[in-house]
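Peer 1: The structure that follows is given in the form of C-alpha cells.
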Amino acid sequence: MNIFFNLDDLPAFQKTVITIGAFDGVHAGHQKIVKRVHHLAKEQAAESVVITFHPHPREVIYPKDTSLELLTTLEEKFPYFEREGIDHVVVVPFTIEFSQMSPREYVEKFLIGNFHPASIVIGYDHRFGLNRAGNVDLLKEYERKGLFTVVEIAKHETREIVISSTKIRNAISNADIKLANQLLGHAYVLSGKIVHGQKLGTRLGFPTANIEVDFSRKLVPPDGIYAVRVEVNEREYEGMLYIGKRPTLGAGEQKSIEVNIFHFNQRIYGESIRVFFMDFIRTDQQFDSLDDLRAQLEKDRTHVMEYFREPNAPEQMTPELAVVILNYNGLSFLEKFLDSFTRIVYSNYRIYLADNASTDSSIAFVEKYFPSVHVIRLDRNYGFAEGYNRALGQIEADYYAIVNSDLELTPEWASRIITYMEEHPDTAVCQPKILDVKNKEAFEYAGAAGGYIDLLGYPFCRGRILDTIEKDTGQYNDIQSIFWATGAACIIRAEAFRLVGGFDRDYFAHQEEIDLCWRLQRAGYQIRVIPSSIVFHVGGGTLDYQDPHKVYLNFRNNLATLIKNQSRLPLMIVLLIRLVLDGLAGLNFIVKGQFKNCSAVVRAHLSLYGWIPGLMKKRRAFKKRLADMHIEPVKKLKGVYRGYMLIDYYLMGRKRFSRLPVNKGTNEL
C-alpha cells in the first residue's frame, strides 16, 4: 500500500475508486465502506484510494475546541486500510485555505484533477467545500455528465457509523473495552514511545515500560488495570497495563501509563510501542502499604494470565453473532430446547427471543429461567418474514443466526459455520446439516444437507426429495454450494441481509428463505452447506407439513419467487407448465381425500394472479437496487438441477439425491 502526504507527489492516476473521510477509529462501519471501495476497484479494474485528512478538520476550523478526543492517530489508521486491500492512502494537509475551496472547485480540481475517479463511494449526508455546501446531489450532477459514478452509502449504514463512533468513545470512557472492541472490529490501540520512569515498578517486582503517548488528543481509557497485548520490535507479547496517578506511592497529579510485559527482560527505552486493549480488570485504588499494593498486583497478574489462558481468549476480535429465535406460542419447545442454545461454544454471541405477540407464557418462562436471553416484543404476529425483518432491524451484529425454537443445537454448530464464512467472504449464508431430533440418524425434511431447485422452480434437498427422506450415512458430508439454505437454521451476514432488503414481508411464512437466497446469488454471493455443523430439528413443529394453510403458502410463495426472480423469456413457459402440474397436485389431494389441501392449491393460484402486478414491481425494484449499487446481476446460479425433479422422481424412480444424473447443477434458471 502506498501512502502519500503531499498532493504534488501523487502518481498520474488514470482510473480510481475513491472514498473520502476522517475515518477516526477505522471502526466496523468504516471498514464496510473501505471494503466496498476495494471490491468496486477490483470489479472495475481500477486503483483503490482512501483520501483522509491531517490534522483532523475540527482542529483547524475550531482551534480553541479542546474537547476533541480521537480514537486513532494518523499512523494507527494505515494498517487497517492495508488489511482491507487498499492500494493507496492519500493524506491531505487540511488547512483553512483548503476548507475555503468552493464545492465545484473541490470536485473538478481536487477530486477529478488529482484522482480521475471512475467511482466515488460516499455517504448520503456527506458535505464538502466552503460552508459544507457541496453534497451528494452535486456529485450526481457530474455523474449524469458521465464523469464518474456515485455509490451512495445508504442512510441506515451511515447512521450506524455515527452511532458506532459515539458508542465507541462512550464505551472506552466507561472502560467497557469489550463493547468498544466489538464496535471497532479490532482491539483499541494506544501508541507511543517508551520513556524512563521512576523504577518504582521494578522495586515492587513488576518492572514496567512507561509509555509517552504520541498524540495529545488521543482518547486514553480511564484509570485502572487492563489486560493488553503489546507490540514492540515487531513482536507481540501479553501484559497488564496500568493507567493512573499511583495514589499509593503519592506520585502526585501526573498521570502514568505503564505496562508490565510478561516474560520480557529487554531494554527498550526510546522504542515505539503499541498496546492493544483486550479487557478491563479493575479500577485504580489506594492501598495502605506497598506490601498491600504488591499483593494486589500479584492477583492482577494472575487474573490477566488466566484471561489469556482461557480457551476463548481473543487472538483477534471475534465477530459478533446474534442468535435470533422467532417465537409464537412456542413455550413447549423453549422448555425443551432453549438450554441447548445457551451451550453454544462461541466467544461472542447473544441470544434474542423475537416474540410475535404470543398468547402463551413464553416470555414469562424465558425471563424467569433464561434472564440472559434478550427479549424483543413485537406488537402482533407478523409471521416469519416480517417478524424477522423487524427483529433483526433492532440488532447490531456481524452475523445473524436465524433459528427455529424447535431445534436442538450442538455446541459447535455456529463456530464451524462462522470459521468458514470468515475465510470465504463471498459466502452470504450457510446452513448446517439438519437431522431429525426423533431419529438422529436420518435427515430432516426442512433443509437436510442443503437446498436445490430444478428448472421448474421445485425445491428439494440433498437427503430429501419430496417426501422421501434419506438416512445420514455421511454421503453428503462435503461442503457444497447450494441454491438455498433452510430458514429453520442458518447463519447469514448481517451486511448481506441488509444489502438485498431482507425477507419479503408479503410471504408471511414459507419459502421466503429461497427468495432471499435467490436474490443474494443474483447480487454475487454464494450459499453453502457446512455438514460438520449439525442441528436436530423437530420439523413441522410450528405448522404441520400437511396443514392446508402451509400448503397454500408453499404453492403461492413458490410461484411468487419464480415471478420475482426467473429470467423473463422462459418465465411464461414455466408458469404454464406449473399451472398444469399444480392442477395435477390438486387432483392428487382429492384422490387422497385431502379436500382442504386441494382448495388451498386453488386459493394459492387465485391469490397469486391478483399479486402479479405487485410482484413485477418488486422485480423491477430489486433490479434497480443492484444497479444503484453498481452490482452486475449474476445469471449462472449455483445449486440448480438441470432437469425436472418430478419426472426423475415419479417416472425414473430416482428418489435419492445421489441417484440424480447431475448433482451439482450450475446452469441459469
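The values are calculated or read from the model by the stated rules, or taken from the named source; none is laboratory data. Not measured: the values here are computed from a predicted model. Note that each Cβ is placed from the backbone with ideal geometry, even for glycine, and that neighbours are counted across all protein chains shown.
To keep it simple, each residue is scored yes or no on (1) surrounded by 14 or more Cβ atoms within 10 Å (Cβ to Cβ); (2) outside the structural domain of GLN526 (by TED's automatic domain parsing); (3) touching a residue at least 24 places away in the same chain (Cβ under 8 Å); (4) not in a loop (DSSP other than H, G, I, E, B).
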site: LEU615; (1), (2), (3), (4): yes, no, yes, yes
site: ARG620; (1), (2), (3), (4): no, no, no, yes
site: LYS624; (1), (2), (3), (4): no, no, no, yes
site: ALA627; (1), (2), (3), (4): no, no, no, yes
site: HIS630; (1), (2), (3), (4): yes, no, yes, no
site: VAL634; (1), (2), (3), (4): yes, no, yes, no
site: LYS638; (1), (2), (3), (4): yes, no, yes, no
site: GLY643; (1), (2), (3), (4): yes, no, yes, no
site: TYR650; (1), (2), (3), (4): no, no, no, yes
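Peer 1: Here's something else I'd like to know. Could you list, in sequence order, all residues of the stretch 215-228 that are part of a strand (DSSP E or B), surrounded by fewer than 21 Cβ atoms within 10 Å (Cβ to Cβ) and at negative phi?
Peer 2: LYS218
Peer 1: Quick check on this structure: which one of ALA414, ALA428 is under 24 Å from GLY29 (Cα atoms), assigned to a helix (DSSP H, G or I), in contact (Cβ under 8 Å) with a residue 40 or more places away in the chain and in contact with a Phe, Trp or Tyr (Cβ under 7 Å, 6 or more places away or on another chain)?
Peer 2: Unique residue meeting the criteria: ALA414.
Peer 1: Filter the stretch 444-469 down to residues that are more than 29 Å from the chain's Cα centre (by Cα) and assigned to a strand (DSSP E or B) and give me whichever is surrounded by the fewest Cβ atoms within 10 Å (Cβ to Cβ).
Peer 2: So the residue we want is THR468.
Peer 1: Quick test for you: out of GLU386, GLU422, pick the one residue that is acidic (Asp, Glu) and either in a loop (DSSP other than H, G, I, E, B) or within 24 Å of PRO319 (Cβ to Cβ) (or both).
Peer 2: From the options GLU386, GLU422, the qualifying one is GLU422.
Peer 1: Please specify each residue of the stretch 18-65 satisfying the condition of being of a type in the set (Val, Ile, Thr) and within 20 Å of ASN135 (Cβ to Cβ).
Peer 2: ILE18, THR19, ILE20, ILE33, VAL37, ILE51, THR52, ILE61
Peer 1: Separate question: With (1) surrounded by 17 or more Cβ atoms within 10 Å (Cβ to Cβ); (2) part of a loop (DSSP other than H, G, I, E, B) as the list, and PRO63 as the residue in question, which single condition is left unmet?
Peer 2: (1)
Peer 1: Being out of contact with any Phe, Trp or Tyr (no Cβ under 7 Å at 6 or more places or on another chain), within 23 Å of HIS39 (Cα to Cα), of a type in the set (Lys, Arg) and free of Cβ contacts under 8 Å to residues at least 60 places away in the same chain, is that true of even one residue in the stretch 119-140?
Peer 2: Yes - at least one qualifying residue is present in the stretch 119-140.
Peer 1: Please count how many residues of the stretch 470-507 are farther than 26 Å from LYS35 by Cβ, surrounded by fewer than 19 Cβ atoms within 10 Å (Cβ to Cβ) and in contact (Cβ under 8 Å) with a residue 12 or more places away in the chain.
Peer 2: 6
Peer 1: So ASP279 ticks every box in (1) charged (D, E, K, R); (2) modelled with pLDDT under 90; (3) in contact with a Lys or Arg (Cβ under 7 Å, 6 or more places away or on another chain) but one. Which box is left unticked?
Peer 2: (2) is the only condition that ASP279 fails.
Peer 1: Another one. Test each condition in (1) in contact with a Gly (Cβ under 8 Å, 6 or more places away or on another chain); (2) among the acidic types (Asp, Glu); (3) surrounded by 17 or more Cβ atoms within 10 Å (Cβ to Cβ) for GLU105 and report the one that comes out false.
Peer 2: (3)
Peer 1: Then there's this: Just checking, which of ARG528, ARG522 is closer than 19 Å to ILE453 by Cα and surrounded by fewer than 20 Cβ atoms within 10 Å (Cβ to Cβ)?
Peer 2: ARG522
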